[in-house]
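The values are calculated or read from the model by the stated rules, or taken from the named source; none is laboratory data. Just so it is clear, the structure is predicted and the values come from calculations on it, not from any experiment. A quick note on method: Cβ atoms are made from the backbone with ideal geometry, for glycine too, and the neighbour counts reach across all protein chains shown.
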Amino acid sequence: MNDYLLQENILDSKTVIQLRASVGWDSLSEPTISKALSNSIFFASISHQGQAVAMARIVGDGHQYFYLQDMIVNPAHQKLGLCQQLTEHLISKVKDVAEPGAFFGLMAAKNVASVYQKHGFIERPDNMPGMFMPID
């Protein structure tokens with residue numbers, strides 16, 4: 001894991017498009033990605049030998065609502081704890097600024113929900129999809 005470096009700088013749109021493609025996500029235009037990234041509250045990425053291999057960000061209003069968004073780990077680098085690192089880092093950033101009662105949510109596929117449950121996220125009822133983390 002010494003070859004992996006977590007950083008808070010926002011990646012460029014071409015790199016994000018490549019990461020999205022690596023996990024089979026839809027392609028978005030560079031201008032759309034650039035605008036979205038610039039509106040992130042927090043951003044974290046992990047590079048391996050100078051190449052970005054994972055990313056995640058927090059979106060929302062920065063006061064009452066926070067959402068963990070765009071968790072991407074290139075398949076060649078999965079199962080190494082990179083998702084855990086990004087999640088822990090971004091949870092810490094949110095908890096530093098969120099006041100009690102703030103909403104911290106995410107949308108996760110059923111097969112990965114357990115990853116986030118380990119960090120305190122709770123599945124919502126079927127009629128209210130997604131997950132959330134109470135901020136005390």
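Quick check on my filter: what residues within the range 13-58 are touching a strand residue (DSSP E or B) at 6+ places or on another chain (Cβ under 9 Å), farther than 17 Å from Gln85 by Cα and among the β-branched types (Val, Ile, Thr)?
Passing the criteria: Thr15, Val16, Val23, Ile41.
May I ask you to list the residues in the range 89-111 that are part of a helix (DSSP H, G or I), within 22 Å of Val23 (Cα to Cα) and either among the polar types (S, T, N, Q) or more than 13 Å from the chain's Cα centre (by Cα) (or both)?
Lys110, Asn111
Applying the selection to the range 1-16, what residues are closer than 15 Å to Ser47 by Cα and in contact with a Leu (Cβ under 8 Å, 6 or more places away or on another chain)?
Those that are closer than 15 Å to Ser47 by Cα and in contact with a Leu (Cβ under 8 Å, 6 or more places away or on another chain): Met1, Tyr4, Leu6, Ile10, Leu11, Val16.
Go through the range 47-59 and give me each residue that's out of contact with any Asp or Glu (no Cβ under 8 Å at 6 or more places or on another chain) and either in contact (Cβ under 8 Å) with a residue 24 or more places away in the chain or of a type in the set (S, T, N, Q) (or both).
If the condition is that a residue be out of contact with any Asp or Glu (no Cβ under 8 Å at 6 or more places or on another chain) and either in contact (Cβ under 8 Å) with a residue 24 or more places away in the chain or of a type in the set (S, T, N, Q) (or both), then Ser47, Gln51, Ala52, Val53, Ala54, Ile58 are the ones that fit.
Counting only residues that are more than 11 Å from the chain's Cα centre (by Cα) and either polar (S, T, N, Q) or at pLDDT below 95 (or both), which one in the range 66-78 is nearest to Met133 (Cα to Cα)?
So the residue we want is Gln78.
Quick check: anything in the range 113-134 surrounded by 16 or more Cβ atoms within 10 Å (Cβ to Cβ), of a type in the set (D, E, K, R) and under 19 Å from Ser40 (Cβ atoms)?
Looking through the range 113-134, none of the residues is surrounded by 16 or more Cβ atoms within 10 Å (Cβ to Cβ), of a type in the set (D, E, K, R) and under 19 Å from Ser40 (Cβ atoms).
Being of a type in the set (A, V, I, L, M), over 11 Å from the mean Cα position of the chain (by Cα) and on the phi < 0 side of the Ramachandran plot narrows it down to one residue among Leu86, Leu5; which is it?
When all the criteria are applied, what remains is Leu5.
With the condition kept exactly as written, say whether any residue in the range 2-15 is aromatic (Phe, Trp, Tyr), surrounded by 10 or more Cβ atoms within 10 Å (Cβ to Cβ) and either at pLDDT 95 or above or under 23 Å from Lys93 (Cα atoms) (or both).
yes
Would you mind listing the strands (runs of 3 or more DSSP E) fully within the range 1-78 where at least 1 residues are of a type in the set (Gly, Ala, Ser)?
42-48, 51-60
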